């Protein structure tokens, strides 16, 4: 069971309550939430916020593929996953991504959560433009997309 | 023939429209499009080396979001996307 969505920050906010509602089930004994937020300092530059850009349809496809891969690579069959990532401007301290991973046992849930965020970093076409206190901004260097 | 390149991430600095259009020869490949973009940077951005490196390190995708190789041949009016290095989360 997978919920995958891009959230336009100008219209909506990422909300962990949605993840809790989606993952609520008596089948699972462990739920891990990973919440990514915008931090205020990067490479000695004071950050005010980040604008996220994404190729939405390809990002959703990558989330679906990562979910499927978790089955073959981690051998976790009974699970529910909630992934939402922001697109648009996000201020410091605000959330950019929520990953909720629900499994029968805690080992599986921890592994699944970590697997998903690491794969998102490598496979989901999302980009960050950082904004600084001196009113400058800069696209961050990323990594080449992996298949 | 005309092809459209949809821009993402840092490549959006290449155009306010978020896309570039090129007139290319029939049977042109992604490799040829890369050359067109590099020539565009040479003309419009005084050969900005950072932008050129960005293009060199970018992948390309088809309209149905599949990553396509440098030898991929394009059709008339085809849209492709440029995928510069990523970094979500």
Using a Gaussian network for chain A with springs between C-alpha atoms less than 10 Å apart, which of these wobbles most: A:131, A:85, A:105? A:105
Here the relative contact order (percent) of the range B:31-89, from C-alpha pairs under 8 Å and at least 6 apart, is 32
Residue-normalised 222 nm signal for chain B, counting each DSSP H run of n ≥ 4 as -39,500 (n - 2.57), nearest 500 deg cm²/dmol, is -8000 deg cm²/dmol
Calculated FRET value between residue A:141 and residue A:91, using beta carbons and R₀ = 30 Å, to 0.05: 0.85
Would you please classify the overall shape of chain A from the alpha carbon gyration tensor, given that a ≥ b ≥ c denote the square roots of the eigenvalues, rounded means a/c under 1.5, and beyond that prolate means a/b larger than b/c while oblate covers the rest? prolate
Note the angle between two axes, namely the Cα long axis of helix A:56-74 and the longest principal axis of the Cα atoms of chain A, as a number of degrees from 0 to 90, rounded to the nearest 10. 40
Per-residue ellipticity at 222 nm for chain A, helices alone: DSSP H runs ≥ 4 residues times -39500 (n - 2.57), over residue total, nearest 500 deg cm²/dmol? -10000 deg cm²/dmol
Specify the inter-centroid distance of the range B:22-89 and the range A:103-134, based on alpha-carbon positions, in whole Å. 27
If one compares the long axis through the Cα atoms of helix A:106-123 with the longest principal axis of the Cα atoms of chain A, the angle in degrees, nearest 10, works out at 40
Once you order the gyration tensor axes a ≥ b ≥ c over the Cα atoms, which shape class does chain B get: rounded for a/c under 1.5, otherwise prolate or oblate by comparing a/b with b/c? oblate
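All of the numbers you see were taken from the coordinates with simple rules; none came from a lab. Everything numeric in this text was worked out from a predicted model, so none of it was measured. Note that we place each Cβ from the backbone using ideal geometry, even for glycine, and neighbour counts take in every protein chain shown.
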